[in-house]
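First comes the structure, then the notes that go with it.
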Amino acid sequence: LAGLWTVFTLGGVGSKAAPQLEHCSPLANQSLLLLLVLANLTDAPDTPNPYRQAIITAFSSSNPHAFQINFNSLYTALSEQQKSDQATLLLYMLLHQNGNVRTYVLARTDIENLV
């Protein structure tokens, strides 16, 4: 999840339009792509994918090792980057696999920003 944090702290997602993202912040773009690749690796027969498990349990108040992130900032960054395939895939993965993110997004009154 360090890659996810890098994406947001370096201004990758939410700072520029998608075509400019690759040129202005290649580290953020590469971090997001790496996170997506790692999170979508297939599970081993005896152990689940640890990266996918980290995304599923990230932002959980019941997980003492989960890092804290401002859901409003995450929502704003992802809604501003919906022209980016990478950001859309991250949003899709978070909505489908992380209940805390899904609950937050569904509680928003401006959900049309994502649509």
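Enumerate the calculated ³J(HN,Hα) couplings along the stretch 99-115 in order (Karplus 6.51 cos²θ - 1.76 cosθ + 1.60, θ = phi - 60°), each rounded to whole Hz, writing x wherever the residue is Gly or Pro.
x, 5, 5, 4, 4, 5, 5, 5, 7, 5, 8, 10, 5, 4, 4, 7, 7
Tell me the carbon and sulfur percent of the accessible area for the stretch 66-115, rounded to whole percent, probe radius 1.4 Å.
Looking at the stretch 66-115 in its full context, I get 54 percent from C and S.
Could I have the simple spin-label model distance between Asp85 and Asn40, label points 7 Å from Cα toward Cβ, reported in nm to one decimal?
Each label point is offset 7 Å from its Cα along the Cβ direction, giving 0.9 nm.
State the extension gain, in nm to one decimal, for the chain segment bounded by Gln30 and Asp110, taking 0.36 nm per residue of separation less the distance between their alpha-carbons.
This chain segment gains 25.9 nm when fully extended.
If packing is taken as the average count of other Cβ atoms within 10 Å, what order do 85-93, 48-56 fall into, highest mean first? Could the numbers behind the result be given before it?
Working: 85-93: 18.2, 48-56: 16.7.
Per-residue Cβ counts within 10 Å, averaged per peptide and sorted highest first, yield 85-93, 48-56.
The values are calculated or read from the model by the stated rules, or taken from the named source; none is laboratory data. In this text, all values refer to a predicted model and were calculated from it rather than measured experimentally. Cβ: placed from backbone, ideal geometry, glycine included. Neighbour counts: every protein chain shown. Keep in mind that these areas ignore ligands, DNA and RNA; they rest on the heavy atoms of the full protein, side chains included. Shrake-Rupley method; radii C 1.70, N 1.55, O 1.52, S 1.80 Å.
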